[in-house]
Amino acid sequence: MSSPEQNVPTTMESYLEALQHNRDGSLVLAASGLTGRLWAGSLWFFEDPANAPQTDRSSAGVRTEAGITDIEWIDENRLAIGSDSGAIEIWQLENSRSSFRNLFYLYEHDNAVNSVSVNSNKTRVVSGSSDKLVKLWDLSTQRSIGTLHAHTAKVEQVSCSPNELDVFLSCSQDGSVLLWDTRKPKPAKRLPRPPSASLPTSLVWKPGESYVIAVGDEGGNIAIQDARSQQSAAFVTSAHTRAVHRLTFSAKNPLWLASVSDDCTAAVTELQPELKQIYRSYAHNDFVHGVSWDTLSNQLRTCGWDGKVIAHDINLATSMSP
């Protein structure tokens, strides 16, 4: 389903849920908030990420029919969006990236979509929902091509492999982290978890590695493990005091793992020679939900329910540390 181009909204909702840099350094930002009795959202594009979240300095913006929970770039102009209505939406930047157009809106989940992830050749989107389901979506045919029923509770996050087209991860409030390979008759494999781990809330693949992953949990811990191994994680660190909402590795320095949390902080953990926290920010004063590395400058940006977008220069912070 497509819709006509819309004028840029004049206001942004209070809760900033997600942000992601594009390969050229530009930034997309997703906001949600209560409008009357309805939970609404908006999507904002900034050619210069330093202008976020100033609406009058955005390059494009559009109001969405429901709150936005997650976003991911498909390519330079297209975005996959998860909605708290249970829909998957694809939006495209047009007119020299000055306006958004909705390419299609697919509503098949029965509860909020908590996470979306695009596979490595940009042909499919994987979604995870509070309805306990993981669904596969084909971008060319604009339809659902698979529904996976392995989880027994809310699916917190999904993450597609950076190398394998048919491989992705999911984690759920049922306590499981599953490695999926849709080419296999039994596609889901449960990964071992550290004995002290609480419910998994976030996960991500390490760049340049086919099987190394990071998993964050409800207690604020981060575990690094090899998805091929039947042993529990070799490295675990207590990065936060509350749930880890999102994790992301730096593409320029894959040993740097950024995390944001419901404890209102952002942190960066270095992976070698052992897990070591090299940066922490207390700049937010509410839940921090969005995190993204600028692929050009390696600057980290975060957003949260306090309405702030914060830029963190990790290179400068580490060079100044004793």
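The values are calculated or read from the model by the stated rules, or taken from the named source; none is laboratory data. Only a predicted model underlies this, so the values are computations on that prediction, with no experimental measurement involved. Glycine also receives a Cβ, built like all others from the backbone with ideal geometry; neighbour counts cover every protein chain displayed. Please note that ligands, DNA and RNA were not included when accessible areas were found on the heavy atoms of the full protein model with its side chains. Shrake-Rupley method; radii C 1.70, N 1.55, O 1.52, S 1.80 Å.
Some values worked out for this structure:
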{"item": "Test: residue in the range 97-115 that is in contact with a Ser or Thr (Cβ under 7 Å, 6 or more places away or on another chain), open to solvent by less than 40 Å² (accessible area, probe 1.4 Å), of a type in the set (D, E) and touching a residue at least 12 places away in the same chain (Cβ under 8 Å)", "result": "no"}
{"item": "The listed residue being among the charged types (D, E, K, R) and closer than 30 Å to T147 by Cβ, out of R57, R37, R63", "result": "R63"}
{"item": "Residues within the range 110-127 that are assigned to a loop (DSSP other than H, G, I, E, B) and among the charged types (D, E, K, R), tallied", "result": "2"}
{"item": "Residue match in the range 133-141 (condition: of a type in the set (G, A, S) and in a loop (DSSP other than H, G, I, E, B))", "result": "yes"}
{"item": "Count of residues meeting criterion [in contact with a Gly (Cβ under 7 Å, 6 or more places away or on another chain) and either open to solvent by 20 Å² or more (accessible area, probe 1.4 Å) or in a helix (DSSP H, G or I) (or both)] in the range 54-92", "result": "3"}
{"item": "Given (1) within 24 Å of T10 (Cβ to Cβ); (2) in a strand (DSSP E or B), number of the condition R97 does not satisfy", "result": "(2)"}
{"item": "Test result for A227, surrounded by 16 or more Cβ atoms within 10 Å (Cβ to Cβ), within 22 Å of N253 (Cα to Cα) and either touching a His at 6+ places or on another chain (Cβ under 6 Å) or in contact (Cβ under 8 Å) with a residue 40 or more places away in the chain (or both)", "result": "yes"}
{"item": "Members of the range 136-147 found to be closer than 21 Å to I213 by Cβ and either among the basic types (K, R) or open to solvent by 30 Å² or more (accessible area, probe 1.4 Å) (or both), listed by number", "result": "none"}
{"item": "Condition broken by A214, with the remaining ones in (1) of a type outside the set (D, E, K, R); (2) open to solvent by 20 Å² or more (accessible area, probe 1.4 Å); (3) in a strand (DSSP E or B); (4) touching a residue at least 40 places away in the same chain (Cβ under 8 Å) satisfied", "result": "(2)"}
{"item": "Residue under evaluation K252, criteria (1) of a type outside the set (V, I, T); (2) more than 20 Å from L199 (Cβ to Cβ); (3) modelled with pLDDT of 95 or more; (4) open to solvent by 30 Å² or more (accessible area, probe 1.4 Å), criterion not met", "result": "(3)"}
{"item": "Residues located in the range 161-185, provided they are closer than 18 Å to H109 by Cβ, open to solvent by 10 Å² or more (accessible area, probe 1.4 Å) and assigned to a strand (DSSP E or B)", "result": "L178"}
{"item": "Criterion (modelled with pLDDT under 95 and within 23 Å of S130 (Cα to Cα)) met by exactly one of A31, A66", "result": "A66"}
{"item": "Candidate set from the range 34-48 (those that are open to solvent by 10 Å² or more (accessible area, probe 1.4 Å) and under 25 Å from R78 (Cβ atoms)); member that is modelled with the lowest pLDDT", "result": "W39"}
{"item": "Whichever residue in the range 186-209 is touching a Gly at 6+ places or on another chain (Cβ under 6 Å) and assigned to a loop (DSSP other than H, G, I, E, B) and, among such residues, is farthest from A239 (Cα to Cα)", "result": "L199"}
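Here is a yes/no grid of residues against (1) open to solvent by less than 20 Å² (accessible area, probe 1.4 Å); (2) hydrophobic (A, V, I, L, M, F, W, C):
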| position | (1), (2) |
| --- | --- |
| R242 | no, no |
| S259 | yes, no |
| L271 | yes, yes |
| T302 | yes, no |
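Here's the yes/no breakdown for (1) hydrophobic (A, V, I, L, M, F, W, C); (2) open to solvent by 40 Å² or more (accessible area, probe 1.4 Å); (3) in contact (Cβ under 8 Å) with a residue 24 or more places away in the chain:
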position: T265; (1), (2), (3): no, no, yes
position: L296; (1), (2), (3): yes, yes, yes
position: I310; (1), (2), (3): yes, no, yes
position: I314; (1), (2), (3): yes, no, yes
